[in-house]
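To keep things clear, I will list the structure first and then write my remarks on it.
The values are calculated or read from the model by the stated rules, or taken from the named source; none is laboratory data. As the structure is a computational prediction, the values presented were derived from the model and not from experiment. Cβ placement follows ideal geometry from the backbone for every residue including glycine, while neighbour counts extend to all protein chains displayed.
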Amino acid sequence: DTAVSQTPKYLVTQMGNDKSIKCEQNLGHDTMYWYKQDSKKFLKIMFSYNNKELIINETVPNRFSPKSPDKAHLNLHINSLELGDSAVYFCASSQKTYEQYFGPGTRLTVT
Amino acid sequence: GEDVEQSLFLSVREGDSSVINCTYTDSSSTYLYWYKQEPGAGLQLLTYIFSNMDMKQDQRLTVLLNKKDKHLSLRIADTQTGDSAIYFCAESHSGAGSYQLTFGKGTKLSVIP
C-alpha cells in the first residue's frame with residue numbers, strides 16, 4: 001500500500017549512458033514532482049507536472065526529460081549521464097494542496 | 001529570488017528541548033513546512049503552518065512563525081534519540097495548480113543519550 005514508489009532504489013551506471021527512473025503514486029493526486037538532492041543534502045525542485053502537463057522546469061539540462069504517461073506516473077529519463085548527475089532523486093505528489101508526499105528516493109551513482 | 005536559510009547542525013541531550021530555526025525571504029509564501037529525513041530514507045512531512053498563523057502545536061512539536069521577520073522555528077520537546085535526523089525547512093506558494101517547495105539546506109540534529 002505504498003503511497004509514492006520509485007524504482008530502482010539504487011542505480012549505478014557509467015558516464016554517457018542513458019537511464020530512467022520510474023515513479024508511481026496510488027494516492028489519486030493530480031500533481032507530481034521530481035527533486036534532486038545533492039551530496040550536501042541540498043534539495044531542489046526539477047520538474048512539476050499537473051494532470052500530465054509540465055508546470056515547472058527549473059533550469060534543468062535538456063538531457064533530463066520527464067515523461068508522464070498518466071496522472072499516476074512521472075518517469076525521469078536522463079541522457080548522456082555525467083558525473084555531476086550523481087545524487088538522490090526524489091519523486092513527490094500532491095493533490096492541489098500543500099501536502100507533498102515523497103517517495104523513498106533513487107540514489108544514482110555515475111562512474 | 002526565493003531563499004530559505006537554516007543552521008546546519010544542532011546537538012542536544014536526550015530529554016532536552018530542541019529548537020531549529022529557519023529564515024526565508026519570499027513574502028508571498030503561503031505555507032511553511034518542516035520535513036524530517038532519517039539516514040538513507042525519504043522525506044517525511046512533520047508539520048506545516050499556514051502563513052496567517054503564528055503558532056501550531058502537534059504533540060511534542062511546536063511551530064512558531066514570525067511573518068514580520070520571516071522567521072520559522074520548530075521546537076521538539078523531550079527530544080529522543082529517534083529524533084536524530086536532518087530537518088528541512090521549506091516554503092511554498094501556489095501557482096498553476098502546483099505547490100513548488102523551496103527547501104533550506106537542512107539542520108542535522110544529533111541527540112546525545
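Looking across the stretch B:64-85, the residues that are of a type in the set (Asp, Glu) and touching a residue at least 60 places away in the same chain (Cβ under 8 Å) come down to B:Asp78, B:Asp83. Within the stretch A:88-98, does at least one residue satisfy the condition of being more than 11 Å from the chain's Cα centre (by Cα) and either acidic (Asp, Glu) or over 18 Å from B:Tyr33 (Cβ atoms) (or both)? Looking through the stretch A:88-98, none of the residues is more than 11 Å from the chain's Cα centre (by Cα) and either acidic (Asp, Glu) or over 18 Å from B:Tyr33 (Cβ atoms) (or both).
Scanning the stretch A:12-42 for residues that are buried (at least 19 other Cβ atoms within 10 Å of the Cβ) and either on the phi > 0 side of the Ramachandran plot or of a type in the set (A, V, I, L, M) (or both) returns A:Ile21, A:Met32.
Results for (1) more than 13 Å from chain A (Cβ to nearest Cβ); (2) crowded, with 19+ Cβ neighbours inside 10 Å; (3) in a strand (DSSP E or B); (4) in contact (Cβ under 8 Å) with a residue 60 or more places away in the chain, shown as yes or no for each residue.
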| position | (1), (2), (3), (4) |
| --- | --- |
| B:Trp34 | no, yes, yes, no |
| B:Ala41 | no, no, no, no |
| B:Gln44 | no, no, yes, no |
| B:Thr62 | yes, no, yes, no |
| B:Tyr87 | no, yes, yes, yes |
| B:Ser92 | no, yes, yes, yes |
| B:Leu101 | no, yes, yes, yes |
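Where residues in the stretch A:50-79 are in a strand (DSSP E or B) and at the interface with chain B (Cβ under 8 Å from one of its Cβ atoms), which of them is surrounded by the most Cβ atoms within 10 Å (Cβ to Cβ)? The qualifying residue surrounded by the most Cβ atoms within 10 Å (Cβ to Cβ) is A:Asn50. All of (1) at pLDDT 90 or above; (2) touching a strand residue (DSSP E or B) at 6+ places or on another chain (Cβ under 7 Å); (3) of a type in the set (Asp, Glu) hold for B:Asp69 with one exception: (2). Among the criteria (1) more than 10 Å from chain B (Cβ to nearest Cβ); (2) touching a Ser or Thr at 6+ places or on another chain (Cβ under 6 Å); (3) free of Cβ contacts under 8 Å to residues at least 24 places away in the same chain, the one A:Gln25 does not fulfil is (3).
The one condition from (1) in contact with a Leu (Cβ under 8 Å, 6 or more places away or on another chain); (2) modelled with pLDDT of 90 or more; (3) surrounded by fewer than 20 Cβ atoms within 10 Å (Cβ to Cβ) that B:Ser51 does not meet is (2).
When A:Lys40, A:Lys67, A:Lys71 are checked against the criterion of being out of contact with any helix residue (DSSP H, G or I) (no Cβ under 6 Å at 6 or more places or on another chain), closer than 21 Å to B:Phe88 by Cβ and of a type in the set (D, E, K, R), A:Lys40 stands alone in meeting it. Counting only residues that are in contact with a Phe, Trp or Tyr (Cβ under 9 Å, 6 or more places away or on another chain), part of a strand (DSSP E or B) and either without any contact (Cβ under 8 Å) to a residue 12 or more places away in the chain or under 21 Å from B:Ser28 (Cα atoms) (or both), the stretch B:46-60 holds 5 of them. May I ask you to list the residues in the stretch A:80-90 that are part of a loop (DSSP other than H, G, I, E, B) and either surrounded by 14 or more Cβ atoms within 10 Å (Cβ to Cβ) or basic (Lys, Arg) (or both)? A:Leu81, A:Ser86, listed by residue number. A:Thr109 falls short on exactly one of the conditions (1) over 10 Å from the mean Cα position of the chain (by Cα); (2) more than 9 Å from chain B (Cβ to nearest Cβ); (3) without any contact (Cβ under 8 Å) to a residue 40 or more places away in the chain, and that condition is (3). Within the stretch A:91-101, the set of residues being assigned to a strand (DSSP E or B) and crowded, with 23+ Cβ neighbours inside 10 Å comprises A:Cys91, A:Ala92, A:Ser93, A:Ser94. Here the stretch B:66-85 is the region considered, the condition is being of a type in the set (Asp, Glu) and more than 14 Å from B:Leu46 (Cα to Cα), and the residue that is surrounded by the most Cβ atoms within 10 Å (Cβ to Cβ) is B:Asp78.
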